Amino acid sequence: MPSVFSSETSPEFAKNVYVIIICLFAGVVAAALISLYHKHVLGSFVRFLLESGAKDEGSAIRLDTTKYNGNVFVKAALKNGRTYSAVIRSVLPEGAPDASRLKGKEKRMAEKANLSSSSYYIPEELSFRADNIFSKKGTSVLSALFGILLFVIVAGVSIIIVPQIVELFKNFTGLQ
């Protein structure tokens, strides 16, 4: 039997199947890692706010009083505003400089100071959403590894079977 990767047995478009499967595999691995990152790394800050009862401006918790003040991932997520914007709200301390009016190095320094000294909370109406997005349920390292392993098995079977199906179709239709 010829090799699965033999160029004599597979038409040109069947060779693209390997590239497609490799790209899909890379996508599955990236999705699993991103999901783990969101649920475990960024989700820990959201769960901390929920458990602490920070549900309005009065009960908001300052970042510099928590263990997350040194967490660069949480700070980056708060700074870019996209990851947490669906659930977390912030309160600037009184007298905080308006970073939007500053330029250059002064602006970066003010943003950094405001980030740590700001208070953060999850409004009551967004707590259910925050729990759904950032809870640990359903996403564990074991489930991610199982998903990747399952995809490897399916990809391996596809790499073996698809060229044979294409060859069978080619022989059946008489296409070259």
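For segment 38-51, which positions are surrounded by 15 or more Cβ atoms within 10 Å (Cβ to Cβ), modelled with pLDDT of 85 or more and of a type outside the set (A, V, I, L, M)? 43, 44, 45, 47, 48, listed by residue number. Residue count for segment 79-122, restricted to those that are in a helix (DSSP H, G or I) and either of a type in the set (A, V, I, L, M, F, W, C) or on the phi < 0 side of the Ramachandran plot (or both): 18. Among the residues of segment 128-164, those that are within 20 Å of the chain's Cα centre (by Cα), touching a residue at least 40 places away in the same chain (Cβ under 8 Å) and over 22 Å from residue 30 (Cβ atoms) comprise 129, 130, 131. Of the residues 34, 21, the single one that is without any contact (Cβ under 8 Å) to a residue 40 or more places away in the chain and closer than 30 Å to residue 156 by Cβ is 34. Criterion first (of a type in the set (Asp, Glu) and either modelled with pLDDT under 80 or outside any helix (DSSP H, G or I) (or both)) does residue 125 satisfy it? No: the conditions fail for residue 125.
Residues considered: 118, 140. Of these, the only one that is at pLDDT 80 or above and small (Gly, Ala, Ser) is 118.
With respect to the conditions (1) surrounded by 15 or more Cβ atoms within 10 Å (Cβ to Cβ); (2) farther than 20 Å from residue 46 by Cβ; (3) modelled with pLDDT under 75, residue 166 lacks only one, and its number is (3).
The values are calculated or read from the model by the stated rules, or taken from the named source; none is laboratory data. For clarity, every value in this text was computed on a predicted model and none was experimentally measured. Please note: Cβ atoms are built from the backbone with ideal geometry, for glycine as well, and neighbour counts cover all protein chains shown.
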